[in-house]
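In what follows, a structure is listed as structure tokens, so that the remarks can point back to it.
The values are calculated or read from the model by the stated rules, or taken from the named source; none is laboratory data. Given the structure is predicted, the values throughout are model-derived calculations rather than measurements. Positions of Cβ are generated from backbone atoms using ideal geometry, with glycine treated the same way; all protein chains shown enter the neighbour counts.
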Amino acid sequence: MSNKNLAIFGIIAYFFSFITTGYLIIPLTFFSISGIMMLIFIIMAVIRIWRFWILEKITSVSLAILTVTIIILESIFYNVPSLDGTSFMLVLNRLRIINSLAYISAIASLWAVGKYQDAAKRSLKRKGFTSEDIDSLLKEEKEKGRDAALQKLANEQEYVRQVVKKNFGIDPRDMIPTIGQGPISWEDIVNHVFRVLEFDRNDTVIEQNDQLKAKNDFEPYGYLLAESPILNNKVKLPIIHRDDFLCVAKVFDDQTLNRKIFKEKIFELLVVYAPKHQSREGLSLSSHHVLHYLITSYGTLDTYYSMDNDVHMAWPYPQKLFGSFIYNGEIKVEIKPEIKL
């Protein structure tokens, strides 16, 4: 059962439990079925969510502890009549409410993870992997673990690279793809963090009052040459919003910042593509800017992606670095010399 289907099963179990609560005319069989469904969901959810990043583990532990606690307390309550109407009942009801919130949080986590997994599968297919290849990788992960699956993926990528190099004399690692064109889509990089290496203005000119005069109406204002541990290649990131162009231009025009970031490498300029609203394909569905910038100590990007067993490779959480994204008001490059990860 996929994570999305498990989330749907959890919703059905919850509502089934809700409609059977408090109705004495409902056959005992329905109560039993409801309890079994809830128990199955909770056990499966706790096991699966435990494999996710640290905040999701809190959900997993909370759901497990609350469920066991409530089962014990309800057993005591129904076997000790003298407790009826006491503060014990009040505590039990409050725990039930908290448990319901943890249950709903588990459903939301499973749904979010399912969405990321679906996006990852679509990304692999765009890169030439067949459904059989993807199923093989999933089987490898299930039987031998995540590291073994990643190693298998790396081996297959290396094999393809060698074939292309032998037959065409081209090393794919030397090619610089443009985001949104070819194998790497906008969906693939949503919420993922990149280190900016160069800035191509694409002949865009900044005029009075920060108005931009682009090369033409059919090309981006400019491009960022960027790298990230999530990709094997450097990439060109198109700049399609006025504010995003102005922000990065100010960094490159500041000689002091430019020197410390790109020559002395005391700091690094990070960027993340995170639209306020987006389509299934990762395209922005609003007029708000889409790129968020951060200047921080050099090496932060590598630390972010290597922490907690590379958790952010699968479940990006750029707010850990950037804080809350700003879409209205003053749009600027955040400067955080030291970030504790």
### Summary
All conditions in (1) surrounded by fewer than 20 Cβ atoms within 10 Å (Cβ to Cβ); (2) under 15 Å from Tyr273 (Cα atoms) are true of Val193 except (1)
#### Entry: Considering residues of the stretch 260-282 that are surrounded by 15 or more Cβ atoms within 10 Å (Cβ to Cβ) and at pLDDT below 90 only, the residue nearest to Met313 (Cα to Cα)
Gly282
#### Entry: Pro275 closer than 22 Å to Glu187 by Cα, touching a Ser or Thr at 6+ places or on another chain (Cβ under 7 Å) and either of a type in the set (Gly, Ala, Ser) or part of a loop (DSSP other than H, G, I, E, B) (or both)
yes
### Task
Report whether or not Ala214 is surrounded by 19 or more Cβ atoms within 10 Å (Cβ to Cβ) and farther than 29 Å from Trp315 by Cα.
no
### Message
Restricting to the stretch 289-340, name every residue that is at pLDDT 90 or above, small (Gly, Ala, Ser) and more than 18 Å from His192 (Cβ to Cβ).
### Response
Ser297
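Taking the residues in the stretch 109-135 that are hydroxyl-bearing (Ser, Thr, Tyr) and farther than 22 Å from Gln278 by Cα as candidates, determine which candidate is modelled with the highest pLDDT.
Per the criteria, the residue is Ser131.
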## Note on the structure
Expected single match for farther than 28 Å from Gln278 by Cβ, out of contact with any helix residue (DSSP H, G or I) (no Cβ under 8 Å at 6 or more places or on another chain) and at pLDDT below 80 among Asn209, Asn167 is Asn167
### Query
So which residues in the stretch 207-252 are at negative phi, charged (D, E, K, R), part of a helix (DSSP H, G or I) and in contact with a Leu (Cβ under 8 Å, 6 or more places away or on another chain), if there are any at all?
Arg242, Asp244
## Note on the structure
If we ask which residues in the stretch 299-311 are in contact with a strand residue (DSSP E or B) (Cβ under 8 Å, 6 or more places away or on another chain) and surrounded by 15 or more Cβ atoms within 10 Å (Cβ to Cβ), their number turns out to be 4
### Query
Do we find that Thr296 is touching a Lys or Arg at 6+ places or on another chain (Cβ under 7 Å) and either polar (S, T, N, Q) or outside any loop (DSSP other than H, G, I, E, B) (or both) in this structure?
yes
### Message
Ala106 - would you say it is among the small types (Gly, Ala, Ser), modelled with pLDDT of 70 or more and surrounded by fewer than 17 Cβ atoms within 10 Å (Cβ to Cβ)?
### Response
no
### Message
Return the pair list, or none, for Cβ contacts closer than 7 Å from residues in the stretch 229-257 that are assigned by TED's automatic domain parsing to the domain that holds Pro318 to residues that are charged (D, E, K, R) and part of a helix (DSSP H, G or I), at least 6 apart or on different chains.
### Response
Pro229/Asp302; Asn232/Arg173; Asn233/Arg173; Leu246/Asp210
